[in-house]
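Novice: So that we are looking at the same thing, I have put the structure below in C-alpha cells.
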Amino acid sequence: MGRVRIGNAFSHVFLVGWALLTTFPLLWAVVSSFKSDDEILSDAWGLPSSLRFDNWVRAWNQAHIGRYFLNSVIVVAGALLLTMLLGAMAAYVLARYELRGMRIVYYAFAGGMVFPVILALVPLFFVVKNLGLLGTLPGLILVYTAYSLPFTVFFLTAFFRTLPTAVAEAAMVDGCSHWGLFFRIMLPMARPGLISVGIFNFLTQWNQYIFPIVLLQGPDSEKHWVLAQGLTALAVNQGYRGDFGGLFAGMTIAMLPVLLLYIALNRQVQSGLTAGQLK
C-alpha cells in the first residue's frame, strides 16, 4: 500500500507540473496581450496596469488578422466537412463490407499516414497549378482534405468495427437501404468517434503552415493568406516596429478558437477515444 501511495503521489505531482508547464505560456500570452510595450519589456511577468483592448483592435484591423482569421475559418470548415464526410463513408465501407481488394485499400490509407509531406510538396505544387487552383482557397481546401483523409479513415474504420451489427441487420430487415443505414443509423451511432477525429483534424488544419506557404502563391495572394501566414508576417512586422502588445493580441486571437473548442468538447473527446476499448 505504501508503494502504491508513493506512486500515486508521484504521478499526481508530475501531472500537475506538466499542466502548469503547458498552461503557463498560454496564460502569459493572454495577459501580455493587454499590456503596453513598456510593461512587457520592463515587467514581463507582472499584471497589466489596465486592460488595453486597443492591442486587439490594432491586430485585428491594421495587421489584417481579421481577414486571415476569416480565410482560415473558410478553409478549415470546408476541408473538415469534406474530410469527415468522405472519411466516414470510406471507413464504413472498409469496416462493414467484405469486398475484394478492401485490405489493399485500407493499407493504402494507413500508409498515407507515414508518408513524409515534405516529399510531396513539389509534385503537389504542379498538380494544383495544372488544375488552376494555385493561390486559391478551394485548392487549399482540397489539399487539406487529402492530407487528413488517411488518419480519418484509419481511426474511423476501427471505430465502425466496434458498433453492433444487430442494429444494422434489423434496419436492413425493415427495408432500410444502404444509404439510409449509413446516414440515419450508423453515422449517429459513431458520433463520439466523429467528434474525436474531427477535433484532431481541426487542430491539424488550423495550425497548418507548410501547405499555405507553398500553395498560396501568385499575384494578390496575400488576401488569401490564412492565420498561420498572417501570424508569421505579424511577428516579423510587429517585432521590427516594437508593437509587442499587438503581436501577443494576434497570437491570442489565433489560440482562442482551439482552446474554446477543446474545452467545450473535452468529454466527447475522451469518450470517443475510449469507446472502442470499452466495447
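Novice: Sorted from largest down, what three extents in whole angstroms do the Cα atoms of the chain have along their principal axes?
Specialist: Computed over the chain, the largest-to-smallest principal extents equal 71, 67, 35 Å.
Novice: With each label point set 7 Å from Cα along the Cα-Cβ vector, what nm distance links T23 and L85?
Specialist: Placing both labels 7 Å beyond Cα along the Cβ direction yields 3.9 nm.
Novice: Given a cut-off of under 8 Å on Cα pairs at least six residues apart, what relative contact order in percent is computed for the chain?
Specialist: 31
Novice: What list of ³J(HN,Hα) couplings, whole Hz, do you get for the range 206-211 from phi and the Karplus terms 6.51, -1.76, 1.60, once you set θ to phi - 60° and write x for glycine and proline?
Specialist: Once θ is set to phi - 60°, the couplings for the range 206-211 become 5, 9, 5, 10, 5, 4 Hz.
Novice: Describe numerically, in nm with one decimal, the distance between label points set 7 Å from Cα along Cα→Cβ at S11 and at V114.
Specialist: Here the modelled spin labels are 3.0 nm apart.
Novice: Charges on Cβ only, +1 for Lys and Arg, -1 for Asp and Glu, centred on the Cα centroid of the chain; of I213, F248, T157, which one is farthest towards the dipole's positive end?
Specialist: T157
Novice: Where in the chain is the longest stretch that carries no chymotrypsin sites (Phe, Trp or Tyr not before Pro) classed as loop by DSSP and with at most 14 other Cβ atoms within 10 Å?
Specialist: Excluding the exposed sites themselves, the longest stretch runs over 98-208.
Novice: With a/c under 1.5 counting as rounded, go ahead and sort the range 1-135 into rounded, prolate or oblate using the C-alpha gyration tensor (a ≥ b ≥ c being the square roots of the eigenvalues; past the cut-off, prolate if a/b is larger than b/c, else oblate).
Specialist: oblate
Novice: With charges only on Cβ, +1 for K and R and -1 for D and E, what is the dipole size of the chain about its Cα centre, in debye, rounded to 20?
Specialist: Using Cβ point charges on Lys, Arg, Asp and Glu, the chain gives about 800 debye.
Novice: Treat each spin label as a single point 7 Å out from the Cα along the C-beta direction, and report the Y209 to M172 distance in nm.
Specialist: 4.9
Every number in this text was worked out from the coordinates using simple rules, so none of it is lab data. Everything numeric in this text was worked out from a predicted model, so none of it was measured. Please note: Cβ atoms are built from the backbone with ideal geometry, for glycine as well, and neighbour counts cover all protein chains shown.
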